[in-house]
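**Student:** Supplied in structure tokens, the structure appears directly below.
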Amino acid sequence: MSHKYSYFCPCPRGMEQALADELAEISTLHTPSLTVHNQVPGGVHCSGLMADAYQINLHSRIASRVLLRMAHKSYTNENDIYDLTMEQPWEDWFGIHHTIRVDVTAIKSPLRSLEFTTLKIKDAICDRFRDMCNARPSVDTQTPDIRIVGFLDARNFTLYIDTSGEPLFKRGWRMETGDAPLRENLAAGLLRVAGWKPGMTLFDPMCGSGTILAEAAQMLAGIPPGLHREFAFEKFGNFDQEKWREIKAGVKVVDVTGTPTIFGSDISGDMVVMTRNNLNKAGIRFEVPLKQIEAQQIQAPPSDVAGIMLTNPPYGERIGVRGDSTLESDEQANAFFSSFGTTLKQRFAGWQVFLFTADLTLPKMLRLKEARKTPFFNGALECRLFRFDMVAGFNRRDAAKPKDN
């Protein structure tokens, strides 16, 4: 376990700084042997012991995976990639009884076919096993035991083995989802970027299936995101079961008591029920008050200090749009957000309001001026996290407008 490895932790684009900060916290709180290196678009490089991969998988809310670097070298063609893959001691990591999957991504690679490159990597792994033990692992593209990841840029090829297995945003608690659920690691990243910390008041007035609320509630309770799921590293030949048991035994879940600080609501009663079920499955045993109410009708939750509102505004049915025509939908969406903006101005003085959306016209519809807008990607969809600092009374820009006679 004393050997140091290089890791790459991919994350939603735009979340690199948040992930680097989180990894630094994991190092400070749980494992000082973990060192955080540079950010690149789409992830963060770090290094540490094998046990550090266990810790990141258990504790990181923002990483999508934890990839362990097997090899890195320049290449000119697919044969170079085959040779480098063939040289790696795959038999130390897994056996012929395990199923494998190979994925390749590339930026500015001169190679013409990623599919052919993927095939060469798979062939090299299987050929090495066949040479050594006259048998080879099978391929399973759906639920493989072991995932191998290749990354190509214009000159270099990097080969990784995935320590996570299923993506880390699959926490194992989500039973039900709405139409367009926010991924758990994106929700956790938005909470961090918004500056929310356990103990602060949080309100999601369009909570959907409750992803933001569940992530926040687990943070408040000290429940690591990976506590109730399995990982690919548990199938590795060098898996240290005793160490993993020790790491999990060190988790201290907090008994949350006292006045609620996390609140949610949604226009849909079905969504409120779904959120309650998901919170329960996520291990939340304390009260998270939920209400079925239209977002325009909400009141600030009872709290001595103003809090943070963070929500991912929905579209269509869930904001009361019933018309089939785009024009009618647009008009009703405008009316909804205009009314919601008035509610924010009148009832949420002192609050910081964060809205995550792909609709860049949202501030205009709310008739609010954003204090900040931060670009993020929800999958391939470019989005913004808009921050609005609510002042006492009506928005100053509106107050300055001359009144109609």
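**Student:** Does segment 205-218 contain at least one residue that is surrounded by fewer than 20 Cβ atoms within 10 Å (Cβ to Cβ) and under 27 Å from Ser265 (Cα atoms)? Show your work before the answer.
**Tutor:** So the first thing to find is which residues in segment 205-218 are surrounded by fewer than 20 Cβ atoms within 10 Å (Cβ to Cβ), and the list is none.
No - not one qualifying residue is present in segment 205-218.
**Student:** Is it the case that some residue within segment 68-76 is without any contact (Cβ under 8 Å) to a residue 40 or more places away in the chain and either surrounded by fewer than 18 Cβ atoms within 10 Å (Cβ to Cβ) or touching a helix residue (DSSP H, G or I) at 6+ places or on another chain (Cβ under 7 Å) (or both)? Quick ask: steps written out before the conclusion?
**Tutor:** In the first step, residues of segment 68-76 are kept if they are without any contact (Cβ under 8 Å) to a residue 40 or more places away in the chain; the result is 76.
Within this subset, residues satisfying the condition of being either surrounded by fewer than 18 Cβ atoms within 10 Å (Cβ to Cβ) or touching a helix residue (DSSP H, G or I) at 6+ places or on another chain (Cβ under 7 Å) (or both) are 76.
Yes, segment 68-76 contains at least one residue that is without any contact (Cβ under 8 Å) to a residue 40 or more places away in the chain and either surrounded by fewer than 18 Cβ atoms within 10 Å (Cβ to Cβ) or touching a helix residue (DSSP H, G or I) at 6+ places or on another chain (Cβ under 7 Å) (or both).
**Student:** For Leu190, all conditions in the list (1) within 26 Å of Arg69 (Cβ to Cβ); (2) at pLDDT 95 or above hold save one; what is the number of the exception?
**Tutor:** Against the list (1) within 26 Å of Arg69 (Cβ to Cβ); (2) at pLDDT 95 or above, Leu190 comes up short only on (1).
**Student:** Next up: Being in contact (Cβ under 8 Å) with a residue 40 or more places away in the chain, of a type in the set (S, T, N, Q) and either crowded, with 18+ Cβ neighbours inside 10 Å or in a loop (DSSP other than H, G, I, E, B) (or both) is the filter here; which residues of segment 100-128 pass it?
**Tutor:** Step one: filter segment 100-128 for residues in contact (Cβ under 8 Å) with a residue 40 or more places away in the chain, giving 100-111, 120-121, 123-125, 127-128.
With the extra rule that they be of a type in the set (S, T, N, Q), the set shrinks to 105, 109.
Within segment 100-128, just Ser109 meets the criteria.
**Student:** Could you count how many residues in segment 49-63 are surrounded by 22 or more Cβ atoms within 10 Å (Cβ to Cβ) and assigned to a loop (DSSP other than H, G, I, E, B)?
**Tutor:** Matching residues across segment 49-63 total 4.
**Student:** Moving on. Condition first: under 19 Å from Pro314 (Cβ atoms), in contact with a Gly (Cβ under 7 Å, 6 or more places away or on another chain) and of a type outside the set (Ser, Thr, Tyr). Now tell me which residues in segment 165-215 satisfy that.
**Tutor:** Here is the first cut: in segment 165-215, the residues under 19 Å from Pro314 (Cβ atoms) are 174, 176-184, 186-187, 190-191, 194, 202-215.
Subset that is in contact with a Gly (Cβ under 7 Å, 6 or more places away or on another chain): 178, 181, 202-204, 207-210, 213.
Within segment 165-215, Gly178, Pro181, Leu202, Phe203, Asp204, Cys207, Gly208, Gly210, Leu213 qualify.
**Student:** Inside segment 184-276, counting only helices (runs of 4 or more DSSP H) that do not spill past its ends, which hold 3 or more residues that are closer than 22 Å to Phe286 by Cβ? Please lay out each step first, then the result.
**Tutor:** Values: elements: 184-194, 211-221, 241-249.
Output list reads 184-194, 211-221.
Per-residue answers, yes or no, for (1) part of a helix (DSSP H, G or I); (2) β-branched (Val, Ile, Thr); (3) modelled with pLDDT of 95 or more:
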position	(1), (2), (3)
Pro302	no, no, no
Met309	no, no, yes
Gly323	no, no, no
Asp330	yes, no, no
Ala333	yes, no, no
Gly341	yes, no, yes
Leu344	yes, no, yes
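The values are calculated or read from the model by the stated rules, or taken from the named source; none is laboratory data. Since we're looking at a predicted model, the values are computed, not measured. In this analysis, Cβ positions are derived from the backbone assuming ideal geometry, glycine residues included, and neighbour counts consider all displayed protein chains.
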